[in-house]
Amino acid sequence: MKKNLVLASLLFICGISLITMLPNSSVTFGMGCGFIGGAIGNFYKYIYRLNPKNKIQYEERLIKEQNDLKDERKIMLREKSGRITYIIMFVVLVILNIIFMLIGVEKWIIITLWAVIAFKYICGVAVFYYLANKM
């Protein structure tokens, strides 16, 4: 829980520095406000969890999260959903790249998308072989 407080403090400091120190552009201002908003949300969660009447609910939630992390069925579901998402994103990237080629988008965008597809495939194969050798 202290880690969340440190993260919230860092987010707040980064947000303030983005708003005040960097050149005033809408991107840096938006990022700074986003960091500050995230920090305020984390501070609120921290204070809410410290409240004595919410402490029991928080501890029950922590126990439930620990059980969910160890539950074999949920582990299998997470792995299967990750695999399905990987396949879907691979197909979407290929289709998007073909559409971009047909409508005549600049070459560097198409090359970048093909590089992302190749990187995604190579990473998938590398992780598979790493896990296969590890087990």
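Rule-based calculations on the coordinates, nothing more; no lab input. Keep in mind it's a predicted model, so treat the numbers as computed, not measured. Using ideal geometry, Cβ is built from the backbone for each residue, glycine included, and neighbour counts are taken over all protein chains shown.
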Whole-percent pair-distance distribution, where bins are 10 Å wide, for the alpha carbons of the chain
10, 19, 19, 34, 16, 2, 0
Taking only DSSP H segments of four or more residues, each worth -39500 (n - 2.57), what value at 222 nm results for the chain once the sum is divided by all its residues, to the nearest 500 deg cm²/dmol?
-32000 deg cm²/dmol
Of 32, 104, 41, the most mobile residue in a GNM of the chain (C-alpha springs, cutoff 10 Å) is 104
Using +1 at the C-beta of Lys and Arg and -1 at the C-beta of Asp and Glu, which of 27, 47, 11 has the Cα lying farthest in the positive direction of the dipole of the stretch 1-70?
47
Does the stretch 1-41 come out rounded, prolate or oblate by the C-alpha gyration tensor, with a ≥ b ≥ c the root eigenvalues, rounded set by a/c under 1.5 and, if not, prolate when a/b is larger than b/c and oblate if not?
prolate
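Sum up the charges of everything whose Cβ sits under 12 Å from the Cβ of residue 65, counting Lys and Arg as +1 and Asp and Glu as -1, but leave residue 65 out. Kindly include the intermediate steps, with their values, before the conclusion.
Values: positive: 61, 64, 70, 74; negative: 59, 60, 68, 71.
That works out to 0.
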The stretch 1-70 - Rg and Dmax from Cα coordinates, angstrom
15.9, 47
Put one equal scatterer on each alpha carbon of the stretch 72-135, apply the Debye formula with no solvent term, and list log10 I(q)/I(0) at q = 0.20, 0.24, 0.29 1/Å to two decimals.
-0.84, -1.01, -1.18
